[in-house]
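These notes are about the structure you will find just below.
Rule-based calculations on the coordinates, nothing more; no lab input. Remember, it's a predicted structure, so these values are computed and weren't measured experimentally. When we count neighbours, we look across all protein chains shown, and the Cβ atoms used for this are built from the backbone with ideal geometry, even at glycine.
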Amino acid sequence: MSKINFTKMQSLGNDFVVIDQIKNIFQLNKKLIKKICDRNYGVGCDQILILEKSAKKNIFFKYKIYNSDGSESGQCGNGAKCIAKYYFDTYGKRKKNIQIETITNKMSLNFIKENLYEVDMGVPSFKYKDLNIDEKNYKFKENSDINNHFNYKGKKYHYKLVSIGNPHAVFMCKAIKGINLEDFSINFNKKNIFLKGVNISIVENTKSNHWLARIYERGSGETKACGSAACAISVCLKFFTNTQSKNNYIHMKGGKAQVKWSGNELESVYLLGTAKYVFNGVYNI
C-alpha cells in the first residue's frame, strides 16, 4: 500500500493539505486529489498545496495548487502563507525571502517576524488573456470602466474583473449577508464569460478602509476566506470608490486579511498574515 505524508494547515479558516514533493515524489491524479479533499471520505480541505522541485536556480520550489474538484489553480494567497511557514520552518530558518512559481506567475514570500508572512501576489492584470475571457461570447469594459453589470433577481450589480494570478469578479453590494451567494455565482457563471470559471466576491463597506466580503471560489464553492480574492477586492476599490487607501482590511468568514497596494497598476499587491499547523498525517492509497 502506498502512503503519502502530509501536513494539514490553515490560514483564516481556509484549510489545506500540504504535500512536500521536494524530497519524495508522489503520483497524484485528479481522482486521488478529489478523494483527499473530501471532508467525509478523505482528509478534507479547500485545496491541496504541493511543493515541488524546480530546475531554475532562482526559484526555490514550484507551488502547485489543486482545488477540491481536481482542477489546478494559478494562485492562492492564504495557501502561500501556509507554504511560506512550512518552507521557512522546514528548510529556510535563516532565510528571509524566497522566490517561487505557480503555473501562472512567480511569487515572493517574505518572513517578517515569527508567524507573520508577506506574500508578493504580483501585478494585477485586466487583460483578456489573463482573465481567460471567452471573447466569442462576451465583451466587457476594460481598465477603469465599471459599467459591466449583472442582472440578478431584478437588481443590477456592477462588477470589476481583475486577475491576481487567477481571475476574479468583484461586486460592490449592500447587505451581502442576505445574498444567496451560491445561486448568485451559478447564475453569473451561466453567462459563459470565462473559459475556466471565475472567483466571485461580493463586498460591502463597513468603515473607512475596512470591507466585509464573501467569497465563492471556482472549483471549491463558498470558502471561509481567500487571499487572492482579498487582493482582488483591494485593487478593485480603486474603481469603485473615490479614495484609494494603500492599506485595506478585508473581513471574511474566516477572519481579517491585510492587503497593501500603492494603487499603481504596474506595481505588485501584497498580502500579509499568519498561518497555522493543524496536524501531520499519512494518507493510505
Spatially proximal aspartates and glutamates relative to LYS191 (Cα-Cα < 17 Å; intrachain offsets below 8 disregarded):
ASP134, GLU135, GLU182, ASP183, GLU217
For helix 227-240, report the angle its Cα long axis makes with the longest principal axis of the Cα atoms of the chain; keep it between 0 and 90° and round to the nearest 10°.
20 degrees
For the chain, what is the mean residue ellipticity at 222 nm derived from helices alone (per DSSP H run of n ≥ 4: -39500 (n - 2.57); sum divided by total residues; nearest 500 deg cm²/dmol)?
-5000 deg cm²/dmol
Determine the gain in length on full extension of the stretch ASN247-ASP89; use 0.36 nm per residue of separation and subtract their C-alpha separation, reporting nm with one decimal.
54.1 nm
Say each of HIS158 and LYS129 gets a label point 7 Å from the Cα, pointing the same way as Cα to Cβ; how far apart are those two points in nm?
3.0 nm
Over region 198-285, what relative contact order in percent results from Cα pairs under 8 Å that are six or more residues apart?
22 percent
Could you tell me which of ILE285, ILE133, ASN29 has its Cα farthest along the dipole of the chain towards the positive end, charges placed at Cβ (Lys, Arg +1; Asp, Glu -1), taken about the Cα centre?
ILE285
Can you list the aspartates and glutamates whose alpha carbon sits under 18 Å from that of LYS260, skipping same-chain ones fewer than 8 residues off?
GLU118, ASP120
Helix 77-90 sits at what angle to the longest principal axis of the chain, using alpha carbons and giving 0 to 90 degrees rounded to 10?
20 degrees
With every atom except the alpha carbons ignored, what do you get for Rg and Dmax of region 128-267, in angstroms?
13.9, 40
What spacing in nm lies between the two simple spin-label points modelled at LYS30 and ASN180, each 7 Å away from Cα in the Cβ direction?
2.9 nm
Students often get this wrong: which residues of region 81-125 have the backbone nitrogen under 17 Å from the point 7 angstrom along Cα-to-C-beta of VAL278?
81-86
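Would you please calculate the Kirkwood hydrodynamic radius of region 1-130 over all C-alpha pairs and express it in Å, rounded to one decimal?
Computed over Cα pairs of region 1-130, the Kirkwood hydrodynamic radius comes out at 15.2 Å.
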Surrounding net charge for PHE111, when Lys and Arg each add one and Asp and Glu each subtract one, Cβ distance under 14 Å
+3
Here are several values of Rg and Dmax of the Cα atoms in Å: [x] 23.0, 73; [y] 18.3, 60; [z] 16.9, 50. Which one was derived from the coordinates shown?
[y]
Mind checking the dipole of the chain: about its Cα centre, +1 per Lys or Arg Cβ, -1 per Asp or Glu Cβ, Debye to the nearest 20?
220 debye
Return the subset of LYS62/LYS113; LYS95/LYS177; LYS196/LYS256 for which the Cα-Cα distance in this structure is over 31 Å, preserving the input order.
LYS95/LYS177
